[in-house]
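> Here it is, the structure, as structure tokens.
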Amino acid sequence: MAAPSFETLIYAVEDGIATITLNRPDKLNAFTARMMKELIEVFDITDADDAVRVVIVTGAGRAFCAGADLSAGGATFDRTSPQAIEREEGKVGDVYRDGGGRVVLRMYESLKPIIAAVNGPAVGVGVTMQLPMDIRLASTDAKFGFVFARRGITPEACSSWFLPRLVGMQTALEWCFTGRVFGAQEAKERGLVRSLHAPDELLPAARALAREIADNTAPVSVALSRQLLWRMAGADHPMEAHKADSRAIQSRGAAGDAREGVSSFLEKRAPVYPDRVSADLPDIWPEWGEHPFR
């Protein structure tokens with residue numbers, strides 16, 4: 001299959017690991033309507049490709065993403081303006097859908113684990129787009145900022161749902177109230193990122209973590225585990241988890257992956273899992289519909 005071509009991204013797959021690189025380095029990888037559309041498209045591609053086991057997202061050049069492209073000036077965030085960064089296809093009724101939110105909801109539905117390798121400054125949508133990624137590693141050069149109140153707008157990209165779940169309400173409110181930019185060490189201390197790395201060691205560390213997942217786990221199990229943990233973060237009662245868990249374990253327990261997982265363990269050899277996400281993913285959410293979060 002030919003590698004897809006994008007204007008704002010670089011996409012590559014090697015040994016089961018897909019790397020998505022935000023690629024507007026001359027603009028510090030600032031977010032545009034084109035980048036929004038291409039990010040949604042590329043996660044459709046990773047979900048459909050059984051050769052992809054894990055996804056890494058990083059930035060080209062010295063930034064991860066400097067937030068929204070502000071080249072339209074004061075009209076940047078006015079969705080009724082011809083200069084707005086998102087176009088009319090995102091409109092539902094009288095409301096234009098937030099473009100960062102559309103990307104984040106697509107990431108939330110991903111069937112593959114997503115690792116952020118935050119190589120430099122990440123502010124505004126540059127940080128909120130990271131929140132549905134599963135594990136965030138950062139360079140010691142990285143900086144973060146929920147700068148919305150300093151631009152006269154509000155948090156977006158579903159960050160009011162994700163951020164307090166990741167770092168707690170007090171930290172989330174402090175960062176959003178002040179809009180200040182803070183360093184990688186604070187991001188780690190408060191739980192936004194998992195680990196810090198020297199700049200030249202960041203991608204190798206992200207790839208080593210991706211390799212551990214890709215080499216040792218069943219892809220269908222990982223896809224279901226990701227759905228279970230993220231979706232249950234908003235459940236009203238543990239019974240919702242019990243119903244989904246029961247369906248998942250019943251389905252997987254009778255599948256070839258479970259037989260291979262047990263056999264390879266007992267035989268002390270590397271597993272070769274037969275099941276594929278594209279063909280063998282069971283529906284453990286029958287009451288929710290096919291794409292409840294789109």
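> What residue, among those in segment 1-15 that are aliphatic (A, V, I, L, M) and without any contact (Cβ under 8 Å) to a residue 40 or more places away in the chain, is surrounded by the fewest Cβ atoms within 10 Å (Cβ to Cβ)? Please lay out each step first, then the result.
Filtering segment 1-15 for residues aliphatic (A, V, I, L, M) gives 1-3, 9-10, 12-13.
Right, trim to without any contact (Cβ under 8 Å) to a residue 40 or more places away in the chain and you get 2-3, 9, 12-13.
On the way: A2: 4, A3: 10, L9: 21, A12: 11, V13: 17.
Only one residue fits best here, namely A2.
> Only one of these is surrounded by 22 or more Cβ atoms within 10 Å (Cβ to Cβ), over 26 Å from G183 (Cα atoms) and touching a Ser or Thr at 6+ places or on another chain (Cβ under 8 Å): A68, A48, A18. Name it. Steps first, answer last, please.
Values: A68 fails: over 26 Å from G183 (Cα atoms); A48 fails: surrounded by 22 or more Cβ atoms within 10 Å (Cβ to Cβ).
None of the other options fit; the residue is A18.
> Does at least one position in segment 189-197 carry a residue that is part of a strand (DSSP E or B), surrounded by fewer than 22 Cβ atoms within 10 Å (Cβ to Cβ), at pLDDT 95 or above and among the hydroxyl-bearing types (S, T, Y)?
yes
> So which pairs qualify, if the first residue must be in segment 182-195 and closer than 13 Å to A117 by Cα, the second must be surrounded by fewer than 17 Cβ atoms within 10 Å (Cβ to Cβ), the Cβ gap must be under 7 Å, and the two must be at least 6 apart or on different chains?
Correct list of pairs: A184/T140.
> I need the strands (runs of 3 or more DSSP E) fully contained in segment 102-177, keeping only those with at least 3 residues that are modelled with pLDDT of 95 or more, more than 26 Å from E41 (Cβ to Cβ) and in the same structural domain as T19 (by TED's automatic domain parsing).
On the way: elements: 114-118, 135-139, 143-145.
Where strands (runs of 3 or more DSSP E) fall fully within segment 102-177 and carry at least 3 residues being modelled with pLDDT of 95 or more, more than 26 Å from E41 (Cβ to Cβ) and in the same structural domain as T19 (by TED's automatic domain parsing), they are 143-145.
> What number of residues in segment 215-247 are of a type outside the set (D, E, K, R), under 25 Å from I17 (Cβ atoms) and surrounded by 16 or more Cβ atoms within 10 Å (Cβ to Cβ)? Talk me through it step by step, then tell me what you get.
Taking segment 215-247 and keeping what is of a type outside the set (D, E, K, R), we get 216-225, 227-230, 232-235, 237-239, 241-242, 244, 246.
Checking which are under 25 Å from I17 (Cβ atoms) leaves us with 216-225, 227-230.
Subset that is surrounded by 16 or more Cβ atoms within 10 Å (Cβ to Cβ): 217-224, 227-228, 230.
Within segment 215-247, residues that are of a type outside the set (D, E, K, R), under 25 Å from I17 (Cβ atoms) and surrounded by 16 or more Cβ atoms within 10 Å (Cβ to Cβ) number 11.
The values are calculated or read from the model by the stated rules, or taken from the named source; none is laboratory data. Given the structure is predicted, the values throughout are model-derived calculations rather than measurements. Positions of Cβ are backbone-derived with ideal geometry, glycine not excepted, and every protein chain shown enters the neighbour counts.
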